[in-house]
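Down below is the structure, laid out as structure tokens.
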Amino acid sequence: MKKPIDLPMDVRLMQWTATVMMVVALLMCLASGISWLLRHPVFSIQSITVNGNVTHSNPVTLRANVMPQLTGNFFTLNLLQARQAFEQIPWIRSALVRREFPNRLSVTLDEFQPAALWGGEGDGKFLSVEGAIFEVNADEVDSEALPILKGPEAQAKTVLEMYKFLKPRMDKMDMSLNKLELSQRGSWSAQLESGATLELGHGTQQEIGDRLQLFFKTVTQIASRYGRTASSILSADLRYDNGYALKLRGVTTLTVDSLKKP
């Protein structure tokens, strides 16, 4: 059996050097190929398919606004940046962007659904059904069908939740709620479709609801004493512990103590 030949050190160094150079050459070829692939025009984003809820957003306009902001191709495009580009467009609440080989993007959009005007008419601010404030052209919204909600922006969702709590209760009394406001100090006030104003005071939904229940139980009877109906209400202040102050059309302001029998 032959013994392996012990090659001289200089020969072994030459073999190692040749092997390393070959590996480097292969890696460079691979990197060059990948670089060529990434830069090849066939992988440049050519089109965007728009899906989802786009009632107020024109797909052609969407593509025109977003395409100039996209950098890279199918492989290098930053999907997070692409999503943010879509979500900066008015009406767009969220966007889901996916690659479609070899040079397309597919985006599924969800638009804001307005639940109320926020602030004042003509401001262009709206509150979505999720309680998020967004701005769009007021002419694009049927504002007459929406209530007006107002308050600190950080508590927009709380204002919407209070409106949803109060509306059905007032509807049962034929008092359509048109406007609800939360002051900086945390006090609630409401305006009815008739123009009447209600000062509801501080408190949770349950506390505000209890005050309204007392008001609803007695206001018709109180108004009838003066030949009026609930539709004659100009204002009511419910911020009392056991009663409320009531102002009727053509009648001086009354203080109603719920503990006193009529």
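General remarks:
- Antiparallel %, DSSP beta bridges [both residues in the chain], to 5: 70
- Net length gained if the chain between Glu87 and Thr55 were fully extended (0.36 nm per residue, minus Cα distance): 10.0 nm
- When the Cα positions of Ile133, Trp118, Ser224 are compared along the charge dipole of region 114-239, Ser224 comes out farthest toward the positive end, with charges on each C-beta of Lys, Arg, Asp and Glu.
- Between 0 and 90°, nearest 10: helix 205-225 axis offset from the chain longest Cα axis: 30
- Identified option (computed P(r) over Cα pairs in 5 Å bins from 0, in percent; candidates (1) 1, 6, 13, 19, 20, 18, 13, 7, 2, 0, 0; (2) 1, 5, 10, 10, 10, 8, 7, 6, 6, 5, 5, 5, 4, 3, 3, 2, 2, 2, 2, 1, 1, 1, 1, 0, 0, 0; (3) 1, 6, 12, 15, 14, 13, 10, 8, 6, 5, 4, 3, 2, 1, 1, 0, 0, 0, 0): (2)
- Computed over the alpha-carbon atoms, region 76-228 gives an Rg to Rh ratio of 1.15, Rh here being the Kirkwood radius from the mean inverse distance.
- Efficiency of FRET between Tyr226 and Ser187 - r from beta-carbon atoms, R0 22 angstrom, step 0.05: 0.20
- Dipole of region 44-111 [Lys/Arg +1, Asp/Glu -1 at C-beta], most positive-end residue of Gln81, Asn51, Phe101: Phe101
- Candidate aspartates and glutamates for bridging to Lys125, where Cα separation is under 17 Å - those fewer than 8 sequence places away on the same chain excluded: Glu87, Glu111, Glu135, Asp139, Glu140, Asp142, Glu144, Glu153, Glu181
- Net +/- balance of residues flanking Leu105 in space, Cβ distance below 10 Å, scoring K and R +1, D and E -1: +3
- In a DSSP loop and with at most 16 other Cβ atoms within 10 Å, there are no trypsin sites (Lys or Arg not before Pro) in region 65-115.
- Simple Cβ-charge dipole of region 44-111, Lys/Arg +1 and Asp/Glu -1, about Cα centre, in debye nearest 20: 140
- Protection proxy ranking, peptides 135-143, 109-117, 214-222, average beta carbon neighbours within 10 Å, highest first: 109-117, 214-222, 135-143
- Separation in nanometres of the label points that stand 7 Å from Cα toward Cβ, at Thr19 and Ala145: 7.7
- Direction-averaged projected area, Cα convex hull, region 44-111: 3.8 nm², rounded to one decimal.
- Here the label points at Glu161 and Gln205, each 7 Å from Cα along the C-beta direction, are separated by 0.7 nm in the simple model.
- With 0.36 nm allotted per residue and the present C-alpha distance subtracted, the Asn178-Glu153 stretch has 7.1 nm of extension available.
- The chain, dipole about Cα centre (Lys/Arg Cβ +1, Asp/Glu Cβ -1), debye to the nearest 20: 580
Where a number appears in this text, it was derived from the coordinates with a stated rule and is not lab data. What you see is a predicted model, and the numbers here were worked out from it, not measured in a lab. Because the Cβ atoms are built from the backbone with ideal geometry, glycine has one as well, and the counts that use them run over all protein chains shown.
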